[in-house]
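The values are calculated or read from the model by the stated rules, or taken from the named source; none is laboratory data. Since the structure is predicted, the reported quantities are computational estimates derived from the model, not experimental observations. Cβ sites come from the backbone with ideal geometry, for glycine too, and all protein chains shown count toward neighbours. Only protein heavy atoms, including side chains, enter the accessible area calculation; ligands, DNA and RNA are left aside. Shrake-Rupley method; radii C 1.70, N 1.55, O 1.52, S 1.80 Å.
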Amino acid sequence: GIVTFGFETARHVGVSLVETIMEDARATSRWYLLVAMGRKAGHLALGMGKAAGATLTLIPEEFAGEKLRLSRLADVIEGSIIKRRATGDENGTVVLAEGIAELLDPSDLEGIEHAERDDHGHVRLSELPLGNVLKNELKARFARRGISVKLVAKDIGYELRCAHPIPFDAEYTRDLGYGAARTILEGGSDCMITRQNAQIVSMPFSELMDPKTGRTRVRLVDVESETYQVARKYMIRLGPA
């Protein structure tokens, strides 16, 4: 439950972009496929989609444990489009977490095996054409149905990284900076400074690291949580019911 500094700023800017695109979708009768940054975790994509009221938000945590194929993703989006059409709406906005690309079978995502990697060996997900691959698959599906659907793919990533901090993050990082300096002056080390219940708390790195990998554990979205279930309730999805 401890928010990463910078998250609220990135979400704030992201929501503004998604809301603008949603209005364009409504005005032009288009469907937008927005791929949001976030690597393995879907927190940012979900936060943007839920706050903006996007038609649908898909995150990697939803498909954990599955052998994810592109057809499965396209099924969910196609169902959303069909359900919207049934209510007379020819537009919508889908937010996709970029980390979904890492779950896909490489044969479904051209170029992943040759993708550029960062200094840590991670695939640069912003270089993978997740949105365009899905757009082409969906266009082909609706063409077989004899239906014309206007689809646009867009990445939302670098626009969120260096935005001027909103007041929440400006205050938050002042506390963290103060706590870091105080901890060092008191002889502390090997810890991360956090803010919990209005208190500055240092957490030993040993509590944060994965003993198997030696790296920091990634905090993923808990898809069993109530806040995620609320997000699902507001999405337009076609389910068994």
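Observations, loosely collected:
- Amide H within-cut-off set for VAL35, under 5 Å, with H built and near neighbours excluded: LEU96, LYS154, ASP155, ILE156
- For the residues ALA170, ALA54, ALA101, a GNM of the chain with alpha-carbon springs under 10 Å puts the largest fluctuation on ALA170.
- Fraction of accessible area attributable to carbon and sulfur, the chain (%, probe 1.4 Å): 52 percent
- Under-5 Å amide H pairs with CYS191, H placed in peptide plane, nonlocal only: PHE205
- Prolate/oblate/rounded call for the chain, Cα gyration tensor, a/c under 1.5 rounded: prolate
- Accessible surface comparison of CYS162, CYS191, probe 1.4 Å, protein chains only, largest first: the order is CYS162, CYS191.
- Backbone geometry of region 11-21 corresponds, through the Karplus equation with coefficients 6.51, -1.76 and 1.60 at θ = phi - 60°, to 3J(HN,Hα) couplings of 5, 4, 5, x, 5, 4, 5, 5, 4, 5, 5 Hz, x marking Gly and Pro.
- Order of exposure, largest accessible area first, which applies to ILE59, ILE184 with probe 1.4 Å: ILE184, ILE59
- Max mean-square fluctuation residue, GNM over the chain, Cα-Cα springs under 10 Å, options ILE193, ILE82, ILE156: ILE193
- Among the listed pairs LYS67/LYS212; LYS40/LYS154; LYS50/LYS154; LYS212/LYS233; LYS40/LYS150; LYS67/LYS150, those with a Cα-Cα distance over 27 Å are LYS212/LYS233; LYS40/LYS150; LYS67/LYS150.
- Rough spin-label spacing in nm, given labels placed 7 Å along Cα→Cβ, for ILE2 and TYR234: 2.7 nm
- Listed by chain and number, the aspartates and glutamates placed with their C-alpha closer than 13 angstrom to that of LYS139 are ASP75, GLU78; residues fewer than eight positions away on the same chain are left out.
- Residue with peak Gaussian network fluctuation, the chain [Cα springs, cutoff 10 Å], from ALA198, ALA140, ALA153: ALA198
- Computed with a 1.4 Å probe on the full set of protein chains, the accessible area for HIS12 sits at about 110 Å².
- ³J(HN,Hα) computed for each position of region 213-219 - Karplus, 6.51 cos²θ - 1.76 cosθ + 1.60, integer Hz, glycine/proline x: 9, x, 10, 5, 5, 8, 7
- Amide H to amide H distances under 5 Å link THR57 with VAL95, where only residues 5 or more positions off or on other chains count and H is placed in the peptide plane.
- Within region 9-23: backbone nitrogen closer than 19 Å to the CYS162 label point (7 Å, Cα to C-beta): 9-14
- For region 148-241: rounded, prolate or oblate by the Cα gyration tensor [a/c cutoff 1.5]: prolate
- Rounded if a/c under 1.5, otherwise prolate or oblate - region 1-117, Cα gyration tensor axes: oblate
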